[in-house]
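**Q** Quick one: the structure is below, and I'll ask about it shortly.
The values are calculated or read from the model by the stated rules, or taken from the named source; none is laboratory data. Bear in mind that the values here come from a model prediction, so they are computed numbers and not experimental data. Cβ: placed from backbone, ideal geometry, glycine included. Neighbour counts: every protein chain shown. To get the accessible areas, we keep the full protein, side chains included, count just its heavy atoms, and leave off ligands, DNA and RNA. Shrake-Rupley method; radii C 1.70, N 1.55, O 1.52, S 1.80 Å.
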Amino acid sequence: SKLLGALYRIPLTDFLGGNGLGLYQMIFPVYAVLLEFSGAGVPNALSKMISGYENNAAAEYSLFYGAKKRLIVLGGIGTLFMAVFSYPIAMAQGDYKAFIGYIALSPSVFLVAVLSCYRGYFQGKKNMAPTAVSQIIEQSVKLAAGLFLVWIFSFDVSFAVGGATLGVTLSELI
């Protein structure tokens with residue numbers, strides 16, 4: 001998974017150029033903060049709690065669905081925040097062209113929040129295969145879709161950056 005992510009950066013840098021890569025890099029600190037707000041630590045906490053109820057399916061499902069409900073709300077808030085404030089955040093960072101990337105990436109906040117519940121659940125059940133497979137699929141889709149979308153939107157750097165971040169969103173969705 002990490003190797004695929006590293007391989008993605010090489011052609012991405014070539015396609016976007018210095019200015020485009022700078023725009024792309026501007027978006028991710030805000031994204032990281034919203035991910036922290038909407039679901040960081042959930043897989044580990046949920047995993048620990050579910051593993052404590054190893055022989056109690058009702059308690060496991062209750063923990064899972066309770067966490068999922070809360071993270072749907074928090075992820076939704078994070079997504080709305082990122083989408084609604086995309087332009088002001090981009091302006092505060094010094095380049096309005098990043099706002100398209102913010103909009104394209106905003107659904108990922110919701111998707112990652114929900115996905116973290118599933119990963120935590122399976123980790124608590126001592127089944128790491130779903131997490132591993134999902135991460136490899138995620139990186140593969142990001143690589144293929146991201147580079148394809150950057151190529152399609154290469155006529156404008158802000159749209160190309162939006163294509164790269166839309167590739168991340170599509171990877172989380174898949």
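**Q** Modelling each spin label as a point 7 Å along the Cα-to-Cβ direction, I'd like the Phe85/Ile152 distance in nm, to one decimal.
**A** Each label point is offset 7 Å from its Cα along the Cβ direction, giving 3.0 nm.
**Q** Same structure, new question: Grab the beta carbon distance between Gln25 and Ile136, set R0 = 22 Å, and tell me the FRET efficiency rounded to 0.05. Kindly include the intermediate steps, with their values, before the conclusion.
**A** Values: r = 24 Å, r/R0 = 1.10.
After rounding to 0.05, the efficiency reads 0.35.
**Q** About its Cα centre, what dipole magnitude does the chain give when the only charges are +1 on Lys and Arg Cβ and -1 on Asp and Glu Cβ, stated in debye to the nearest 20?
**A** Values: 11 positive and 8 negative charges, 88 e Å.
The calculation lands at about 420 debye.
**Q** I've got another one for you. Determine the shape class of the range 24-119: with a ≥ b ≥ c the square roots of the Cα gyration tensor eigenvalues, call it rounded for a/c under 1.5, and otherwise prolate if a/b is greater than b/c, oblate otherwise.
**A** On the way: a/c = 4.16, a/b = 3.02, b/c = 1.38.
Because a/c hits 1.5 or more and a/b exceeds b/c, the range 24-119 counts as prolate.
**Q** Residues of the range 39-70 with amide nitrogen under 13 Å from the 7 Å Cα-to-Cβ point of Lys126?
**A** Counting backbone N atoms under 13 Å from the label point, the list is 51-55.
**Q** I need to check one value: relative contact order of the chain, counting alpha carbon pairs closer than 8 Å and at least 6 residues apart, in percent. Spell out each step's value before the answer.
**A** On the way: 259 pairs, mean separation 55.7, N = 174.
This gives 32 percent for the chain.
**Q** Take Ala40 and Ala92, extend 7 Å from each Cα along the Cα→Cβ direction, and tell me the distance between the two endpoints in nm.
**A** Here the modelled spin labels are 1.7 nm apart.
**Q** Sticking with this structure for a sec: Where only protein heavy atoms count, and the probe is 1.4 Å, what is the accessible area per residue for the chain in Å²?
**A** 51
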